[in-house]
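See structure below.
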Amino acid sequence: MRRPLHCWPLVCLIACSGPDAPDAAVCRDVVVRLCQSAAAYSCVAVQLDLGLSCEATLLQRTGCEDDAFAFTAPTRERVLECREVLLSRGMSTDHPPACADATRFLTGCPDVAGFFRGSQP
Amino acid sequence: MKRLWAAVLMMAVGCAPLDVERRTERGPLLRTWSQEKALNERIPFATTQVQWPRLTLAFSSSDICRTEQHGEYAEDIISMHGNTGAAAEVSSGGVLAVLGGTLLVGRSLFSDTPNRSAIDEQGRYGASSRDVATGWGLGLLIVGVPAVVAGIVQVSRSGETRETRKRAELLSLREVPCEPKRVDGVVELAGGPGPQPPPRLTLNGALVLTADEIQRLSFSGLALDGTPVTLEEEDLDRLETFRTCATLLATPVDPQALAGEARSRPDRLRMKRELARGCTTLPGAPAQPLLEAIEGALGSTAL
């Protein structure tokens, strides 16, 4: 893992970052955020064609339950860019996004939405 | 990097202000000396001499000599350096530095595992507890150490310094006529209520006035060649006494009139008695008969 030396030590006073999270972790973070709350789930369930088991369906559909998972299309950078709207309430997954943010995630990034819908790019 | 930290530390310490309170204490008198100098401003003076029935005004031109008395003192300038916030600065800085140092020394006790519960916008995990502790430790040291050093420097620089210097002071100033020279000229007797008397020439620096003349002359000041003449207080008194006695002694002594005046206006007669006593101070003035007659009139009234 690469250590983020560029922010050490002063930035650590407030918000220092750790190493890069693997693609699988980033993917699972998005899945958790979309499925964690009923509000977000209700907004994305139809568009993502989800069943009753939101997390299990998305993890299986994207393949990111495997720790060796890596983004190809869309790329990691694209997923991270689209994920930003889901972070409006904080970095931690303890703070799930609102319905509006989840909707903007899907409508603003159709390619990423397609990835989570299971359709081929 | 080390130079940068050193510069920051120097600025933090060097810019620490110190309150300075100065007071001056006067020491003992070391020496005194006099300084004399002429002002080169010659002005006419006159002195008076009486030998009844004549008054002699002697004129002279004198310079003004200024005599300055100086003293030299030892003077202590005491400067009190201090800063009321220095102790608080050492205390608070020390607490911060100790806290920061403890965090740095004990950083290995914190977990080096990244915070996997959060992934930021760039896709990175949160910092490990060890990194956060290291950052806070360094930050507290950066704030605390300069505060401690600055506080210690301020405390060490506080105290009292004493500087002694000599100070000269003018103790007294006296201006007196000096280097008199006899002068001749035209004397004007001016300032009286009546017509101005004609000017008179001095002879050998003197002007003689008789008692008869001075009765008729009306003047309050003297001028020599147009320049006002200065008379010292003693000479002015003598001139006024001579003028008063010239009038007082011109009238023959009449005991009966004095007795009548003693009955009708005793206060006025008592005042006349004082004037007659003043006339006895003039050399040659025949004031004694008048004085005795007044005493006699007042004495008979009292009986």
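The values are calculated or read from the model by the stated rules, or taken from the named source; none is laboratory data. This structure is a prediction, so every number in the text was calculated from the model and none was measured. Using ideal geometry, Cβ is built from the backbone for each residue, glycine included, and neighbour counts are taken over all protein chains shown.
Observations on the model:
- Residues of region B:105-137 satisfying the condition of being more than 7 Å from chain A (Cβ to nearest Cβ) and either buried (at least 21 other Cβ atoms within 10 Å of the Cβ) or of a type in the set (D, E, K, R) (or both): B:Arg107, B:Asp112, B:Arg116, B:Arg130, B:Ala133, B:Gly137
- Residue tally, condition surrounded by 15 or more Cβ atoms within 10 Å (Cβ to Cβ) and in contact with a strand residue (DSSP E or B) (Cβ under 7 Å, 6 or more places away or on another chain), over region A:82-92: 1
- Selection over region A:17-34 of residues that are surrounded by fewer than 23 Cβ atoms within 10 Å (Cβ to Cβ), of a type in the set (A, V, I, L, M, F, W, C) and over 8 Å from the mean Cα position of the chain (by Cα) gives a count of 2.
- Among the residues examined, B:Ala58 qualifies as small (Gly, Ala, Ser) and surrounded by 14 or more Cβ atoms within 10 Å (Cβ to Cβ).
- Summed over region A:70-81, the residues that are touching a helix residue (DSSP H, G or I) at 6+ places or on another chain (Cβ under 6 Å) and away from chain B (no Cβ under 11 Å) give a count of 2.
- Candidates A:Asp67, A:Asp49 - the one that is more than 11 Å from the chain's Cα centre (by Cα) and within 14 Å of another protein chain (Cβ to nearest Cβ): A:Asp67
- Criterion violated by B:Ile78 - all others in (1) at negative phi; (2) within 14 Å of chain A (Cβ to nearest Cβ) satisfied: (2)
- Residue match in region B:69-92 (condition: of a type in the set (Asp, Glu) and closer than 30 Å to B:Ala38 by Cβ): yes
- Answer residue from region B:203-226, given it is out of contact with any Lys or Arg (no Cβ under 9 Å at 6 or more places or on another chain) and surrounded by 14 or more Cβ atoms within 10 Å (Cβ to Cβ) and is modelled with the lowest pLDDT among those: B:Ser218
- Test: residue in region B:144-162 that is loosely packed, with under 15 Cβ neighbours inside 10 Å, more than 14 Å from chain A (Cβ to nearest Cβ) and hydrophobic (A, V, I, L, M, F, W, C): no
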